[in-house]
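Colleague: The following block contains the structure, expressed as structure tokens.
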Amino acid sequence: MKSKPAHLVISDFNMPKLDGLGFLRAVRTYPPTQKIGFILLTGRSDKELIERATKLGVNNVIAKPFTMPVLKEKIEAVVGKLK
């Protein structure tokens, strides 16, 4: 991400060493990546997690399991209409 920033990050919440919120925090605090779209995938549906992600600047949250139409909808909400 530091050497080649992306336009959109889709990250799972559960990851080894650094969870999705930690990754989101890192993306939002590094000036070259602050404005990148960020979608968090999670199997958890508790409001506390969503509130924490929102405070950190997540653009969208997708609950697992999800369908391709839901994924497309959430991506389009962040980056605009896909072809």
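Colleague: So which residues in the stretch 29-53 are touching a strand residue (DSSP E or B) at 6+ places or on another chain (Cβ under 7 Å) and under 20 Å from Ala6 (Cα atoms)?
Modeller: Filtering the stretch 29-53 down to residues touching a strand residue (DSSP E or B) at 6+ places or on another chain (Cβ under 7 Å) leaves 36-42, 45, 49-50, 53.
Within the stretch 29-53, Ile36, Gly37, Phe38, Ile39, Leu40, Leu41, Ala53 meet the criteria.
Colleague: Follow-up question, since we're still on this one. Any chance you could count how many residues in the stretch 9-48 are out of contact with any Lys or Arg (no Cβ under 7 Å at 6 or more places or on another chain), among the aliphatic types (A, V, I, L, M) and under 14 Å from Lys64 (Cα atoms)?
Modeller: 2
Colleague: Return the only residue of Leu56, Leu24 being over 18 Å from Leu82 (Cβ atoms) and touching a strand residue (DSSP E or B) at 6+ places or on another chain (Cβ under 7 Å).
Modeller: On the way: Leu56 fails: touching a strand residue (DSSP E or B) at 6+ places or on another chain (Cβ under 7 Å).
Just one listed residue meets the conditions, Leu24.
Colleague: Considering the stretch 45-83 alone, what residues qualify as being small (Gly, Ala, Ser) and closer than 13 Å to Leu8 by Cβ? Don't jump to the end; show me each part of the working.
Modeller: Step one: of the stretch 45-83, the residues small (Gly, Ala, Ser) are 45, 53, 57, 63, 77, 80.
Hits for the stretch 45-83 are Ala77, Gly80.
Taken together, the values in this text are just the output of simple stated rules run on the coordinates, not laboratory data. Small disclaimer: the values here were computed from a predicted structure and weren't measured. So basically every Cβ, Gly included, is an ideal-geometry build from the backbone, and we count neighbours across all protein chains shown.
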